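Okay, structure first, notes after.
What follows draws every value from the coordinates through simple rules; no lab data is involved. From a predicted model like this one, the values you see are computed outputs, not experimental measurements. Backbone-built Cβ (ideal geometry, glycine too); neighbour counts: all protein chains shown.
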Protein chains: 2
Amino acid sequence: MHTYLDCYSCFVRQALEAARQLGADEQKQKVVLEGVLEALKDIDLSFTPPQIGDQVHRLVRQELGDGDPYRSFKETATREALALLPRLRKVLKEAEDLLDTAVRLSIAGNIIDAGVRSSYELWPTVQRVLSQPFAVEDLEPLRQSLADAPKVLYLADNAGETVFDRLLIECIEAPVVYAVKGGPILNDATVEDAQMAEVDRVAQLLSTGSDAPGTILDCCSKPFQQVYAEASLVIAKGQANYETLSEQGTKVFFLLQAKCPVIARDLGVPVGGLVLRRG
Amino acid sequence: MHTYLDCYSCFVRQALEAARQLGADEQKQKVVLEGVLEALKDIDLSFTPPQIGDQVHRLVRQELGDGDPYRSFKETATREALALLPRLRKVLKEAEDLLDTAVRLSIAGNIIDAGVRSSYELWPTVQRVLSQPFAVEDLEPLRQSLADAPKVLYLADNAGETVFDRLLIECIEAPVVYAVKGGPILNDATVEDAQMAEVDRVAQLLSTGSDAPGTILDCCSKPFQQVYAEASLVIAKGQANYETLSEQGTKVFFLLQAKCPVIARDLGVPVGGLVLRRG
């Protein structure tokens, strides 16, 4: 998905939030924003939003130093999701269609997203997503692909959401490789975050080797690129993975909540829509 | 109120929306945005947000030509508000405290605001505002000031909101001067819009002589400045009037809904809070 002019204001907002998370004072925040404004003037709109976002966050880090600005946000999100595990397992136990319910739970977890907004309500979201009709629903093609795939590549999105992913992975019979970011970007899950959610109990963890948002294949490590190329089935979580992989063909299934109006329009669904879409 | 770094993303969003309202194609929209990004790099944060907004919208007009991009938005808003008039009059007729209810209705009309978001629901907002407790309530000082004032200066905000203002003006015994913008800016009311809402039946219409958002006194005409200086009581509607006149002393009463998180924080109220505040 290419970048829209509507994305500019979001890049500015995200840069400011990241600078604040890194503890920058107002003077430093202003310097960061000025750099971002300058960079946005030369945007190539054919790039995906995560490619631009990557440049923006790189600027923030250049100015303020490396770090993991969303560390405490991510730990809190993971702890809160872990606390829900018994209730989520009960939901799954009572499910009429296990895969449908597990997919919904995984999509419910996608409400955790510091790139869109920093506050969310987890359990009410679970309840909504369990009863809300899908805006796009490729459940049967996913069921078929899961039955055929010798191995599944699962692209993680955010910390905390990882706990919900773990439940879906437990429903998948084939071995699963769970790919996480190579370094901190927004509240995206890294190896450390996936371990805190204990996803390593049910899947093999693999770093993409990139700390850009989404999955920009060219920026990923050779080992990851190879796993991606060999995978017959890829489950891609969240908006940024849709933005970066929407042209990657039918082996990719996108699971997300359409939180951003631009992405919702690109997908042809309402904001808030539940999406399980085959690429 | 000074400009916050949080305002940058809103300026970018507003410029894009205004360019689209003026019918610019994507190429032109991009040129406008690049100009705005350049201008924002040199922002003086001690200016009020409407002063910066004025520069931003001036840039849009420089690039795309003069016009009234929100003309149809304003006409629709006014028509919809006029259609509610019988129901609003019924609410007033049944009011226990006429001034309290009229102030609430006037604040309910402040939901119409293209600067914040382009969609709103009018009647549900009226119902909410009638029952919601005020976040700041200087009703008794306003009642006293109205009893004493020989004349009232009423600073309008948006087209459509004008219809709600008309009901409050009908409850004021002293003669009222209703000040509107000197030219189109966002969906702010001009003389034409106030006439469509028939505010001229109950008040003397006066142009501020400025097409900047809010009321930037230095930009207003000499006749308006004189009326403002002589007024013992000023009713100022909406966020932009608060942003520009918050330091103007006790003769100004601000009536608004806190729709923007930055303004809400400045006022010390939650987003969505109802504000009747003496300066």
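Which one of these is touching a residue at least 40 places away in the same chain (Cβ under 8 Å), under 18 Å from B:I169 (Cβ atoms) and of a type in the set (D, E): B:D148, B:D100, B:D113? It would help to see each step written out before you state the result.
Numbers: B:D100 fails: touching a residue at least 40 places away in the same chain (Cβ under 8 Å); B:D113 fails: under 18 Å from B:I169 (Cβ atoms).
Answer to the selection: B:D148.
So for segment A:99-118 (the condition being within 14 Å of chain B (Cβ to nearest Cβ), farther than 20 Å from A:T244 by Cβ and either surrounded by 15 or more Cβ atoms within 10 Å (Cβ to Cβ) or of a type outside the set (K, R) (or both)), does at least one residue qualify?
yes
Has segment B:75-95 got at least one residue that is within 22 Å of B:C260 (Cα to Cα), crowded, with 17+ Cβ neighbours inside 10 Å and in contact (Cβ under 8 Å) with a residue 24 or more places away in the chain?
Yes, that holds for at least one residue.
Which residues, taken from segment B:119-145, are surrounded by 15 or more Cβ atoms within 10 Å (Cβ to Cβ), closer than 15 Å to B:R277 by Cβ and of a type outside the set (V, I, T)?
If the condition is that a residue be surrounded by 15 or more Cβ atoms within 10 Å (Cβ to Cβ), closer than 15 Å to B:R277 by Cβ and of a type outside the set (V, I, T), then B:F134, B:A135, B:E137, B:D138, B:L139, B:L142, B:S145 are the ones that fit.
Any residue at all in segment B:31-47 that is touching a residue at least 60 places away in the same chain (Cβ under 8 Å) and crowded, with 17+ Cβ neighbours inside 10 Å?
no
Which strands (runs of 3 or more DSSP E) sit wholly inside segment A:211-279 and have at least 2 residues that are β-branched (V, I, T) and more than 23 Å from A:L5 (Cα to Cα)?
A:234-237
In segment A:1-59, which residue that is basic (K, R) and farther than 23 Å from B:V262 by Cβ is farthest from the other protein chains (Cβ to nearest Cβ)? Full working, then the answer.
Our first condition is that a residue be basic (K, R); within segment A:1-59, this holds for A:13, A:20, A:28, A:30, A:41, A:58.
Now restrict to residues that are farther than 23 Å from B:V262 by Cβ: A:41, A:58.
On the way: A:K41: 5, A:R58: 18 Å.
The qualifying residue farthest from the other protein chains (Cβ to nearest Cβ) is A:R58.
So, of the residues in segment A:150-178 that are assigned to a helix (DSSP H, G or I) and among the β-branched types (V, I, T), which turns out to be surrounded by the fewest Cβ atoms within 10 Å (Cβ to Cβ)?
My answer is A:I169.
Only one of these conditions is not met by B:P69: (1) closer than 13 Å to B:A15 by Cβ; (2) within 14 Å of chain A (Cβ to nearest Cβ). Which number is it?
(2)
Would you mention how many residues in segment A:247-265 are farther than 14 Å from A:D157 by Cβ and touching an Asp or Glu at 6+ places or on another chain (Cβ under 8 Å)?
Residues that pass the stated criteria total 2.
Give the residue that is farthest from A:A240 (Cα to Cα), with candidates limited to residues of segment A:189-210 that are aliphatic (A, V, I, L, M) and assigned to a loop (DSSP other than H, G, I, E, B).
Filtering first and then ranking leaves A:V202.
Out of segment B:136-149, which residues are in a helix (DSSP H, G or I) and over 18 Å from B:G109 (Cβ atoms)?
B:E140, B:P141, B:R143, B:Q144, B:S145, B:L146, B:A147, B:D148 - these are the residues of segment B:136-149 that are in a helix (DSSP H, G or I) and over 18 Å from B:G109 (Cβ atoms).
Determine, yes or no, whether B:L186 is within 14 Å of the chain's Cα centre (by Cα) and either part of a loop (DSSP other than H, G, I, E, B) or under 21 Å from B:L88 (Cα atoms) (or both).
So B:L186 passes the test.
Of everything in segment A:54-74, what is of a type in the set (F, W, Y) and part of a helix (DSSP H, G or I)? Give them in sequence order. Working first, answer last.
Step one: of segment A:54-74, the residues of a type in the set (F, W, Y) are A:70, A:73.
Across segment A:54-74, the qualifying residue is only A:F73.
So which residues in segment A:15-30 are crowded, with 22+ Cβ neighbours inside 10 Å and touching a Gly at 6+ places or on another chain (Cβ under 9 Å), if there are any at all?
Across segment A:15-30, the qualifying residue is only A:A15.
Right, B:P133: part of a helix (DSSP H, G or I) and more than 19 Å from the chain's Cα centre (by Cα) or not? So that I can check it myself, show each step before the final result.
Working: part of a helix (DSSP H, G or I): no; more than 19 Å from the chain's Cα centre (by Cα): yes.
When the stated conditions are applied, B:P133 does not pass them.
Identify, from the list B:V269, B:V191, the residue that is touching a residue at least 24 places away in the same chain (Cβ under 8 Å) and crowded, with 16+ Cβ neighbours inside 10 Å.
Numbers: B:V191 fails: touching a residue at least 24 places away in the same chain (Cβ under 8 Å).
B:V269 is the lone residue from the list that is touching a residue at least 24 places away in the same chain (Cβ under 8 Å) and crowded, with 16+ Cβ neighbours inside 10 Å.
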